[in-house]
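One structure is given below, encoded as structure tokens.
The values are calculated or read from the model by the stated rules, or taken from the named source; none is laboratory data. No experiment lies behind these values; they were computed from the predicted model shown. Note that we place each Cβ from the backbone using ideal geometry, even for glycine, and neighbour counts take in every protein chain shown. The area values use the complete protein model at the heavy-atom level, side chains included, leaving out ligands, DNA and RNA. Shrake-Rupley method; radii C 1.70, N 1.55, O 1.52, S 1.80 Å.
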Amino acid sequence: MSSDEEDYMSDAFLQKCIDTRPGLAPKHVQQKAGKEKLQKEADRKSRTVSRHKLEATQREAGLNASIAPSSKGFALLQKMGYKPGMGIGKEGTGRIEPVSIELKSGRSGLGRESEMKRKTTEMNQMRAELMAKRRKAEEKLRDSFVGRNVERFAEKNVERDLRTAQKACLQLDQEKGILEPEKNFFWPASSLPLQKGDEEEEEDEVEESSLRHRPLENEHSNDSDFDNDLDSENNSAADPFADFSEMERLDVVTRYLRNVYCYCIWCGTRYNDQEDMNSNCPGNTADAHD
């Protein structure tokens, strides 16, 4: 095929052909569609723009445009040596464009928007501070609640360990033939032998209770109360362990069991000697056995 002949099967030849295919819609429908299209185009051309939209468009065009040479202000600037594009001022480093215009659409007074922004900012800051304080208070309350529960749980454990140590001390002392504990809190209170001094104290308490019911002998009752205070002070001075807490008493009892019997209440084992206990027992506290 020569280069002058056209290829009837190419796309270039097909693009030159006019589309003569019949439309899918009937003729009267096509005519109606054509009339509607012409009517819409006429309506678009004859449609009037609203005043607000026209003002906004013209205002935007005027603000975006530079100062026209026909302006009186521009003529005054030219007399003072101003040229288009340079800044104002002695050094020519000032403003190049005029001060922009901020339109006020609402009916509020001047400065109200800035005041409302300031109040909104202060309100947001106050809310943030209150939220931070509330969050801190909740964390503190949660920590204190957890701390109280931990402390209460620890106190219960100490009470349980002290009872266990007292029972072990009672059993080991009785096996050794000891009839009285070295200290009163070494044994359970129910297992302590009743001493003569305790019987006398009970008799004194009975007499004091009878004296309190006698209105004519108030002076004698006051004297007996004073004597009881002195007795309690003497007892506390004589017994240095009277003011010990349960934790301190537990430590004293467990040390006694370890030194005398080589026994550990947490291990539940009586060792052969101190060397055996030191090598196999973690320590003299409950935390060491965790």
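Compute the signed sum of charges (Lys and Arg +1, Asp and Glu -1) over the other residues within less than 12 Å, Cβ to Cβ, of Trp266.
-1
Counting only other residues whose beta carbon sits under 12 Å from that of Arg47, what net charge do I get with K and R as +1, D and E as -1?
Here the count lands on +2.
Quick one: net charge of Ala132's neighbours, Cβ under 15 Å, K/R +1, D/E -1? If you can, show how the numbers build up before the last one.
Values: positive: Arg127, Lys133, Arg134, Arg135, Lys136, Lys140; negative: Glu129, Glu138, Glu139.
Taking every other residue near Ala132 into account, the sum is +3.
List the lysines whose Cα sits under 18 Å from the Cα of Lys35, skipping any in the same chain fewer than 8 residues away.
Filter leaves Lys27, Lys45.
Taking the Cα centre of the range 105-162 as origin and charging only Cβ (+1 Lys, Arg; -1 Asp, Glu), how large is the dipole, in debye to the nearest 20?
Here the range 105-162 has a charge dipole of around 440 debye.
If each residue of separation counts as 0.36 nm, what is the full-extension length gain between Phe145 and Asn64 once their alpha-carbon separation is subtracted?
22.6 nm
Can you work out ³J(HN,Hα) from phi for every residue in the range 174-184, in order, using Karplus 6.51 cos²θ - 1.76 cosθ + 1.60 and θ = phi - 60°, giving whole Hz and x for Gly and Pro?
Each residue's phi maps through the Karplus curve to give 5, 5, 7, x, 7, 8, 10, x, 5, 10, 4 Hz.
Near the amide H of Cys264, under 5 Å away, which other amide H atoms are found, from residues 5 or more places off or on another chain, if H is placed in the peptide plane?
Placed amide hydrogens put Thr269, Tyr271 under 5 Å from Cys264.
Taking Lys140 as the anchor, which lysines have their alpha carbon closer than 25 Å to its alpha carbon, excluding any fewer than eight residues away along the same chain?
Straight-line reach from Lys140, under 25 Å: Lys156.
Mind ranking Met80, Met123 by accessible surface for me, highest first, 1.4 Å probe?
Reading off the accessible areas and sorting them downward yields Met80, Met123.
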